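K.L.:
Structure below; questions to follow.
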Amino acid sequence: MALSWRSWLANEGSKHLFLFFWLSLNVWLFGKTFLLYNQGLQYYYLHQMLGLGLCISRASASVLNLNCCLILLPMCRVLLAFLRGSQKVASKKTRRLLDKSKTFHVTCGVTIGVFSVLHVAAHLVNALNFSENYNEEFVALNAANYRGEDPRKLLFATVPGLTGVIMVLVLFLMFTASTYAIRVSNYDIFWYTHNLFFVFYMLLMLHVSGGVLKYQTNLEEHPPGCFNPNKTLRQNLTGPKAFEELFPDYTTEPFPEDLPVPEPLVQNSFMRICSEEPKFQSHFPETWFWISGPLCLYCVERLYRYIRSSKPVTITSVISHPANVLEVRMMKDDFEARPGQYVILHCPRVSALESHPFTLTMCPTDTKATFGVHLKVVGDWTERFRDLLLLHSNQDTEILPIFQQRHYPKLYVDGPFGSPFEESLNYEVSLCVAGGIGVTPFASVLNTLLDGWKCYKLRRLYFIWVCRDIESFRWFADLLCMLHNKLWQENRPDYINIQLYLSQTDGIQKIIGEKYKALNSRLLIGRPRWKLLFDDIAKCNRRKTIGVFCCGPNKISKILHKLSNSSNSYGTRFEYNKESFS
């Protein structure tokens, strides 16, 4: 399969180039800081004491500062949604980079993990060197109190050491709980441990305030390695103590600064002369400059989100669909959303702290204020939420009349937030592929087209939906039929191409019926032949750019991604997009 470099650049090239740039930036910053501490005169005496441990610890710290600064920005969901929705970022390629915010967040996290190991290893060597290389000449430079002091005291009895140990434990918990296995098996563990980031940042601000590593401040008065005549005379020419007491007028005094140094004291013409002892000072904590801005921005956004979502929504109806899917329709004052966006639901009666993202399947419009989500009951949180909403957890419940509605629990909605599927209406031709419950992002798009399609750039939509069982198609069968009938009435039957694929044949007879007659002819058995599908779409849309949107299993996503990067003989270019909650 030939590779189209233009398609590759549009789909993966920008991400790979950015990751390469990010890696290069971290390596450059590490190298520059390493050379500074290895060759900088202000660190001469400290380097003599600690060696390469100083250079590696400070170089890795600079990389950690950068990544701890930027790792919070991808989590500023309101900022990302504003940049996307307000068209502040005009380029479509640049807006698609915003969809990689989760990837960038993970990249920064992995970088923090790698360089934290390097930083800890270097400081373990530094603690040992502080103990073994204790220098009585430079008392202010020593972190140890005496030669041979137990290095463990530097790790557990000092603020920098103790906070560093705790931060390592916090990072270990966050990293292990972020693995795919734990996130899938027990999301609660991931969620709670990830919120330890606030503890990590507080410890980090204390960690850098210890001032263990110091630099020399008087380089002009005392160049490193210089000759100090006053010190030499005091050491070599000082008389006995009894002589000094009997004849105080004849005791040795330092050379005045304005007198020339006797020739015998100068070994060669290149020896530099110093007039005072070296002075050392701790660095101002640079980490505060790095993390204060993003941390304040993130805290302000979280406060804004808390205020915005502080008022509970009004649940208008709850519908139990086949295959353990629950639909919740709500209303909220001044709530606005675009097709493809998602919200975060928080129900205090289910969990005091836990919340989860769900894609909007219905957006409010000028004519209706209702919006809704479909959620698959697959975990503890969704099971408890379903039991609170439905009269009986094992009974299908339709929309209840107003006078029969139960007292629903309080539900808070945070959002909406942006996603790649907002772009589906900005292409002239779009291919939307859903797997199972992954149809939810496209449901809001279809609902929007049902209200009116002429105001959007989209002129042709290919909708592919793959499900394992026939009952899953009933989630949005009515919506698909209504949209199909509407387009036929407007003489635009070619506007949407619907293909439904049933991967398992059990119970196929259940969809046969007059109600879904429009869908029966579009129901196919088996899995899509993706290569033939792409070739057919490319042939019908020559020399056009087609947006490919996928929300489903990774296997389907990888196939579509590969085909989007492939070349074709029709001059058609496919741009790949994938759902990823940040």
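K.L.:
What nm value, rounded to one decimal, do you get for the distance between LYS153 and ARG468 when each label is placed 7 Å out toward the C-beta?
P.N.:
6.3
K.L.:
Between ARG272 and ILE166, how high is the FRET efficiency from 1/(1 + (r/R0)^6) when r is the Cβ-Cβ distance and R₀ = 51 Å? Nearest 0.05. Walk me through the intermediate numbers first.
P.N.:
Details: r = 45 Å, r/R0 = 0.87.
In this case the efficiency is close to 0.70.
K.L.:
Moving to a separate point now. What ranking, highest mean first, results for peptides 49-58, 479-488 when packing means the other Cβ atoms within 10 Å averaged over each residue? All intermediate terms of the calculation are to be shown ahead of the outcome.
P.N.:
On the way: 49-58: 21.0, 479-488: 16.9.
Descending mean neighbour count gives 49-58, 479-488.
K.L.:
Please report, in debye to the nearest 20, how large the charge dipole of the range 421-581 is about its Cα centre when each Lys and Arg carries +1 at its beta carbon and each Asp and Glu carries -1 there. Can you show the working numbers first?
P.N.:
Working: 24 positive and 15 negative charges, 112 e Å.
That gives a dipole near 540 debye.
K.L.:
While we're on this one: If packing is taken as the average number of other Cβ atoms within 10 Å across a peptide's residues, how do 524-535, 311-322 rank, most packed first?
P.N.:
311-322, 524-535
K.L.:
Subtracting the Cα-Cα distance from 0.36 nm times the residue separation, let me have the gained length for TRP28 to TYR456 in nm, one decimal.
P.N.:
149.5 nm
K.L.:
Any chance you could check the Cα centroid distance between the range 124-180 and the range 16-47 for me, in angstrom?
P.N.:
22
K.L.:
log₁₀ I(q)/I(0) of the range 420-553 at q = 0.13 Å⁻¹, via Debye over equal Cα point scatterers, no solvent, to two decimals?
P.N.:
Log10 of I(q)/I(0), two decimals: -0.53.
Computed from the coordinates by the stated procedures, all read-outs in this text should not be read as laboratory data. These figures come from a predicted structure and were not determined experimentally. Glycine also receives a Cβ, built like all others from the backbone with ideal geometry; neighbour counts cover every protein chain displayed.
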